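Please read the structure below before turning to the comments.
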Amino acid sequence: MARRNRPVLASIPFFADLRPEEMSALEQAVFYARYRRHQVLFLEGEPARTLYVVCRGKVKVYRSSLDGREHILHLLGDGQPVAVVPFFDGGPYPATAEVLEDSEIAALQFDDFQRVAEANPRILLQVVRELARRLRNAQEQIVGLSLKSVPARLAGHLLRLAELRGTPGPDGMQFDLGMNRQELGSLVGTSRETATRLLQRFQRDGAIRVDGSRITVLRPEKLRAWSEE
């Protein structure tokens, strides 16, 4: 891996509020590498000794069931970290991470992080605060998944994507799903066929327009109504 001087860690909430000297010390420990499509960053069960950040590209984090089916946990793109919590808790990676397209990935080894954090204790306080925030969000998501129907989960996911990735178009907010129907179904806990039928239903309802992987939210209030069922 090559070493570069690039503020990649500033995009991660764990480190976003660090002082310039603290950020600089961490950045000096970051390495960069290029990965080909379908290369694996890590396997489920391996020791989580490295924090990865997607500089450019896309990474899928998933678990496999006993019958070989994939359950996608995260689809990550530019600026997003991969498996942050396992990196800090010292346990194994709980899932497998695979590169979906040719990508540039940054990596921070735990030993290097520990060395810098011991010299800059305020970094650890920032990490604890962000971990607590994520725990709260995870609890809320678990409640949402257990109480909401599949249509509500999918509609809510589309609304979040429109907010995070959407760009204004002549008819509404537009964004690319960044995944196929199988991956979309796995993400909201259903099958590819059901995900496809629901997209068609939302389109017939006038809430969205579907053009391959491109989605336009035409009537956000209708999509929001679906998300609250």
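Here are G212, G185: which of them is modelled with pLDDT under 90, in contact with a helix residue (DSSP H, G or I) (Cβ under 6 Å, 6 or more places away or on another chain) and not hydroxyl-bearing (S, T, Y)?
Working: G212 fails: in contact with a helix residue (DSSP H, G or I) (Cβ under 6 Å, 6 or more places away or on another chain).
Criteria check complete, one pass: G185.
Quick one: which residue in I12, I72 is aliphatic (A, V, I, L, M), within 25 Å of Q114 (Cβ to Cβ) and touching a residue at least 12 places away in the same chain (Cβ under 8 Å)?
Testing whether each residue is aliphatic (A, V, I, L, M), within 25 Å of Q114 (Cβ to Cβ) and touching a residue at least 12 places away in the same chain (Cβ under 8 Å) leaves just I12.
Is it fair to say E130 is assigned to a helix (DSSP H, G or I), in the same structural domain as E22 (by TED's automatic domain parsing), acidic (D, E) and within 28 Å of P86 (Cα to Cα)?
Working: assigned to a helix (DSSP H, G or I): yes; in the same structural domain as E22 (by TED's automatic domain parsing): yes; acidic (D, E): yes; within 28 Å of P86 (Cα to Cα): yes.
In short, yes.
Looking at A16, A33 in this structure, which one is at pLDDT below 90 and either aliphatic (A, V, I, L, M) or surrounded by 15 or more Cβ atoms within 10 Å (Cβ to Cβ) (or both)? Give the steps one after another, and end with the answer.
On the way: A33 fails: at pLDDT below 90.
Selected residue: A16, the only one of A16, A33 that is at pLDDT below 90 and either aliphatic (A, V, I, L, M) or surrounded by 15 or more Cβ atoms within 10 Å (Cβ to Cβ) (or both).
Filter the stretch 162-178 for residues that are of a type outside the set (G, A, S) and buried (at least 18 other Cβ atoms within 10 Å of the Cβ) and give the result.
Step one: filter the stretch 162-178 for residues of a type outside the set (G, A, S), giving 163-165, 167-168, 170-171, 173-177.
Answer for the stretch 162-178, where residues must be of a type outside the set (G, A, S) and buried (at least 18 other Cβ atoms within 10 Å of the Cβ): M173, Q174, F175, L177.
For the stretch 139-159, give me the residue count where each residue is modelled with pLDDT of 85 or more and either part of a helix (DSSP H, G or I) or closer than 17 Å to L73 by Cβ (or both).
Of all residues in the stretch 139-159, those modelled with pLDDT of 85 or more come to 149-159.
Right, trim to either part of a helix (DSSP H, G or I) or closer than 17 Å to L73 by Cβ (or both) and you get 150-159.
The number of residues fulfilling the criteria is 10.
Within the stretch 217-229, how many residues are buried (at least 18 other Cβ atoms within 10 Å of the Cβ) and either basic (K, R) or closer than 19 Å to Q182 by Cβ (or both)?
Within the stretch 217-229, residues that are buried (at least 18 other Cβ atoms within 10 Å of the Cβ) and either basic (K, R) or closer than 19 Å to Q182 by Cβ (or both) number 0.
What is the residue count in the stretch 112-124 for residues that are under 22 Å from V54 (Cβ atoms) and within 25 Å of the chain's Cα centre (by Cα)? I'd like the intermediate steps shown before the answer.
Pass one, the stretch 112-124, residues under 22 Å from V54 (Cβ atoms): 112-113, 116, 123.
Of the ones still in play, those that are also within 25 Å of the chain's Cα centre (by Cα) are 112-113, 123.
The number of residues fulfilling the criteria is 3.
Among the listed residues R204, R181, R136, R214, identify the single one that is touching a residue at least 24 places away in the same chain (Cβ under 8 Å) and either surrounded by fewer than 18 Cβ atoms within 10 Å (Cβ to Cβ) or within 30 Å of V85 (Cβ to Cβ) (or both). Don't jump to the end; show me each part of the working.
On the way: R204 fails: touching a residue at least 24 places away in the same chain (Cβ under 8 Å); R181 fails: touching a residue at least 24 places away in the same chain (Cβ under 8 Å); R136 fails: touching a residue at least 24 places away in the same chain (Cβ under 8 Å).
Result: R214 is the single residue among R204, R181, R136, R214 that is touching a residue at least 24 places away in the same chain (Cβ under 8 Å) and either surrounded by fewer than 18 Cβ atoms within 10 Å (Cβ to Cβ) or within 30 Å of V85 (Cβ to Cβ) (or both).
Filtering the stretch 184-201 down to residues that are surrounded by fewer than 18 Cβ atoms within 10 Å (Cβ to Cβ) and small (G, A, S), which residue is nearest to V150 (Cα to Cα)?
In this case the residue turns out to be G189.
Please note which strands (runs of 3 or more DSSP E) are completely contained in the stretch 1-114 and include at least 2 residues that are in contact with a Cys (Cβ under 7 Å, 6 or more places away or on another chain) and under 24 Å from N180 (Cβ atoms).
On the way: elements: 31-35, 40-42, 50-56, 59-64, 70-76, 96-99, 103-109.
Those strands (runs of 3 or more DSSP E) span 103-109.
For residues in the stretch 63-89 being at pLDDT 80 or above and over 15 Å from the mean Cα position of the chain (by Cα), which is farthest from V127 (Cα to Cα)?
S64
Can we say A207 is over 19 Å from the mean Cα position of the chain (by Cα), modelled with pLDDT of 90 or more and farther than 22 Å from K60 by Cβ?
Criteria met by A207.
The values are calculated or read from the model by the stated rules, or taken from the named source; none is laboratory data. Remember, predicted model here, so these are calculated numbers, not experimental data. Glycine also receives a Cβ, built like all others from the backbone with ideal geometry; neighbour counts cover every protein chain displayed.
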